[in-house]
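Taking it in order: structure first as structure tokens, then the write-up.
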Amino acid sequence: MIQSRGERDLLDLEAVFKALSHASRRHVLVILHARGGAMTAGEIAKRFSCSWPTTSRHLRNLEEAGLVRVDRHGREWVYSLQTARLNDILGGWLGRFAASVGDSA
């Protein structure tokens, strides 16, 4: 089935909001940003009190939403923040609500 651009945009928006719906996933994004945009899976896991499988699921959700990219470097998995995707999706959504001339508060 062919999707319109509007339908694709809504699916992207839904994926990002779903990924951001959990505090731990938002925390991962904040940590990645503060640490220069990339960390190994082990470094990320050390920051959380939850089990590795739970952390792994959170990372997978962020990856599926396109908010992080994962690359293998030797024996380690490195997660990189995808700032452009976050800005494109959320910035575009917020832009729809930007006040126009004549809008009431």
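Bear in mind these aren't lab numbers, they're just calculated from the coordinates by the rules spelled out. What you see is a predicted model; the values in this text were computed from it and never measured. For neighbour counting, all protein chains shown are included, and Cβ atoms are generated from backbone atoms with ideal geometry for every residue, glycine included.
Descriptive notes on the structure:
- Neighbour cut-off at most 10 other Cβ (10 Å), DSSP loop, trypsin sites (Lys or Arg not before Pro), segment 1-84: ARG75
- Helical segments meeting 15 Å axial Cα length and Kyte-Doolittle 0.0 threshold in the chain (DSSP H): 23-34, 83-95
- Working note: Debye formula, equal point scatterers on the alpha-carbon atoms of segment 21-62, no solvent; log10 I(q)/I(0) at q = 0.17, 0.25 Å⁻¹ is -0.38, -0.85.
- Net charge dipole size for the chain [Lys, Arg +1 and Asp, Glu -1 on Cβ; Debye, nearest 20]: 420
- Extension gain, ALA98 to ARG57, is 11.3 nm, computed as 0.36 nm per intervening residue step minus the present C-alpha separation.
- Its relative contact order, with pairs defined as Cα atoms under 8 Å and 6+ residues apart, puts the chain at 29 percent.
- Between HIS27, LEU10, PHE97, the Cα set farthest toward the positive side of the dipole of the chain (charges on each charged residue's Cβ, about the Cα centre) is that of HIS27.
- Extending 7 Å from Cα along the Cβ direction at ALA15 and again at VAL70 yields two label points whose distance is 1.5 nm.
- The orientation-averaged projection of the convex hull spanning the C-alpha atoms of segment 16-105 amounts to 7.1 square nanometres.
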